[in-house]
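See structure below.
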Amino acid sequence: MPNIITLKTPLTDEKIASLRIGDRVLITGIIYTARDAAHKRLVELADQGKELPFDVQNQIIYYVGPSPARPGRPIGSCGPTTSYRMDVYTPKLLAMGLKATIGKGNRSEDVIEAMKQYRAVYFAATGGAAALLARSVQKADVIAYQDLGAEAIMRLEVADFPVVVANDIYGNDLYRDGIAQYKRA
């Protein structure tokens, strides 16, 4: 059974360089949430040379639109959303220092190339495990774009948030390489 790697945020080039596709990782620290509409606004701000609502340098963005929190809980179910919808925005954010994203599904070649260039990784979270993932969230605060509802940008404090490295800084792709490994000739 593979080792489980524990990562604390913020991330560093050294931490990122040690990761390989297939590594199981538990993230502890701060991660940010953002989906399509929030990404569009972030990139528009960046293109205008304006300050973003949070510093993306060495951070992680989780592609999620959580359900409302039940009483006494910081967040509702919070499963990953399909990542390719953010692919048009991701290279710009990686160029600004973003070190990782979390979602589900594969990434475009442009994003994979940007991850290699800017030394970033893509983590896959298990779809269908939204209630389980929510157990790792200790605190959740909306920090920007409250008008987007569940798609507002949130700052999450997480402990042992479970993910798998799907793309590493070396251009390896778990989706592509996994299919090739098990494909019958």
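A few points about this structure:
- ARG107 sits among other residues whose Cβ lies under 9 Å from its own Cβ, and their net charge, with Lys and Arg +1 and Asp and Glu -1, is -4.
- In order along the range 44-55, phi translates into HN-Hα couplings of 4, 4, 4, 5, 8, x, 8, 6, 7, x, 8, 7 Hz, rounded to whole numbers, per the Karplus curve 6.51 cos²θ - 1.76 cosθ + 1.60 with θ = phi - 60° and x for Gly and Pro.
- Percent RCO, i.e. relative contact order, over the chain, from Cα pairs under 8 Å lying at least 6 residues apart: 29
- Note that the range 20-35 has calculated 3J(HN,Hα) couplings of 10, 4, x, 4, 8, 10, 10, 9, 10, x, 9, 10, 10, 9, 6, 10 Hz, one per residue in order, obtained from phi through the Karplus relation 6.51 cos²θ - 1.76 cosθ + 1.60 (θ = phi - 60°); glycine and proline are x.
- Close Lys pairs in the chain (alpha-carbon distance under 25 Å; sequence gap of 8 or more, or different chains): 24.
- Accessible area (Å², per residue) of the chain, counting only protein heavy atoms and a probe of 1.4 Å: 50
- Net +/- balance of residues flanking VAL164 in space, Cβ distance below 10 Å, scoring K and R +1, D and E -1: 0
- With helices as the sole contributors, the chain gives -6500 deg cm²/dmol at 222 nm; each DSSP H run of n ≥ 4 counts as -39500 (n - 2.57), and the sum is divided by every residue.
- Length added when fully stretched, ARG176-LYS40, from 0.36 nm per residue minus Cα-Cα: 46.2 nm
- Ligands, DNA and RNA left out, the 1.4 Å accessible surface of the range 66-111 is 52% carbon and sulfur atoms.
The values are calculated or read from the model by the stated rules, or taken from the named source; none is laboratory data. This structure is a prediction, so every number in the text was calculated from the model and none was measured. Positions of Cβ are generated from backbone atoms using ideal geometry, with glycine treated the same way; all protein chains shown enter the neighbour counts. SASA here: full protein model, heavy atoms, side chains in, ligands and nucleic acids out. Shrake-Rupley method; radii C 1.70, N 1.55, O 1.52, S 1.80 Å.
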